[in-house]
1. Per residue, how many Å² of accessible area does the range 223-314 show with a 1.4 Å probe?
2. What is the sum of charges, Lys and Arg at +1 and Asp and Glu at -1, for the other residues whose Cβ falls under 15 Å from the Cβ of Ser218?
3. In the range 111-212, which trypsin sites (Lys or Arg not before Pro) are in a loop and have at most 14 other Cβ atoms within 10 Å, using DSSP for the loop call?
4. How long are the three semi-axes of the equivalent ellipsoid for the chain, computed from the Cα gyration tensor as the root of 5 times each eigenvalue, in whole Å, largest first?
5. What do you get for trypsin sites (Lys or Arg not before Pro) in the range 1-103 restricted to DSSP loop and a cutoff of at most 12 other Cβ within 10 Å of the site's Cβ?
6. For the chain, take the longest principal axis of its alpha carbons; what is the angle in degrees between that and the long axis of helix 146-166, to the nearest 10 within 0 to 90?
7. Looking at this model, which pairs from Lys207/Lys277; Lys197/Lys277; Lys96/Lys212; Lys28/Lys119 are more than 26 angstrom apart at the alpha-carbon?
8. Of Gly95, Gly180, Gly142, which is the most mobile in a GNM of the chain whose springs link Cα atoms less than 10 angstrom apart?
Amino acid sequence: MWSEGDGYVKTPIYEMRYSDGHNRFFIKREDLLPFSLGGNKARKAALFFEDMEKGGYDCVLTYGSSSSNHLRIVANMAASKGIPCHIVSPDFDTGKTNNSRLVDLFGARVKVCSLTEVKDTIRELNEYLSSQGYRPYFIPGGGHGNLGTQAYVQAYDEICEFEKLTGQHFDYIYHASGTGTTQAGLVCGSILSGDGKKIIGISIARKNPYGKEVIAESINAYLASIDFNAKVSPESVDFVDSYVADGYGSRNQEILNVIRQVLISDGILLDSTYTGKAFYGMKEHISKMRIRHSNILFIHTGGTPLFFDGLETGLVTD
Ligand SMILES: *Cc1c(COP(=O)(O)O)cnc(C)c1O
């Protein structure tokens, strides 16, 4: 894997052409991680697979929706290592997407169930695989958990390293926040390095107070796991829920306009569920908070197949 030993790959950080006339915008291209179109799920999954291999497991079990980037990455990694991949999904058959087509191509076995049956189905499948002589390794949906958090502590270190190398300083980091694992990792990285960057997650679906609570829990679980004596409160987490529009998979016109603008100015593909929504939310948040003369880093968390899902249904607006 690219994250092992000497092969460690850092994702590019550079200044965008995009501007709001008041601030400078930089971008960290997690979508350029060199496996299966990258993204934050690739960075997280690399650590889960490393852990799986250390533990001598021989098949992988995970969960996600039909548009899930996590499923694409896990199914691809499992296939590349020749390990069977089992997936539980609530809507896999009904909502074909570019990601679900790729999951099919990788030969993952998908068990569809209703949303309320997910937990039981995972447990039953786990028991069944064990009874067949397998040692299944479970990866939580979206790569949630301390290993997922760890992946973004590492990404945060890359950001600090970039700052040291270039003398550039970032005042704000913005990114799309879903399960909050990415945000938890960035916040932990910031706590561990002792700098005061503001890390602002734009919620793609969850509302507060729940959104903040989950992130604070992830942060505290990770810090406890490394015996770091600190705790954060949910109130201290910058999880902004004002731009979820019509929820997951939204096709809000203003979001589509931002996607088109960034595609034209910078040649970067964003999607309306994650990165495009976050970019739009960032833009609105900066203007609402009257942020000026700041260096802003946007983290592109991946999801390129979703750009093409969106393109099929029309990105062109008037
Ligand atoms: C999953 C995902 C997110 C959200 O990451 P979390 O760690 O779950 O908050 C953001 N962007 C993209 C493209 C994703 O696939």
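The values are calculated or read from the model by the stated rules, or taken from the named source; none is laboratory data. Source: prediction; values computed, not measured. Note that we place each Cβ from the backbone using ideal geometry, even for glycine, and neighbour counts take in every protein chain shown. Side chains included, ligands, DNA and RNA excluded: accessible areas come from the protein's heavy atoms. Shrake-Rupley method; radii C 1.70, N 1.55, O 1.52, S 1.80 Å.
1. Working: 4180 Å² over 92 residues.
Heavy-atom accessible area per residue stands at 45 Å².
2. In short, +1.
3. Working: sites: Lys111, Lys119, Arg123, Lys164, Lys197, Lys198, Arg206, Lys207, Lys212; in loops: Lys197, Arg206, Lys207.
When the trypsin sites (Lys or Arg not before Pro) of the range 111-212 are filtered for loop state and at most 14 Cβ neighbours within 10 Å, Lys207 remain.
4. On the way: eigenvalues 189, 108, 68 Å².
Equivalent-ellipsoid dimensions as semi-axes: 31, 23, 18 Å.
5. Arg17
6. Once rounded, the angle reads 30 degrees.
7. Lys96/Lys212; Lys28/Lys119
8. Highest fluctuation of the listed residues: Gly95.
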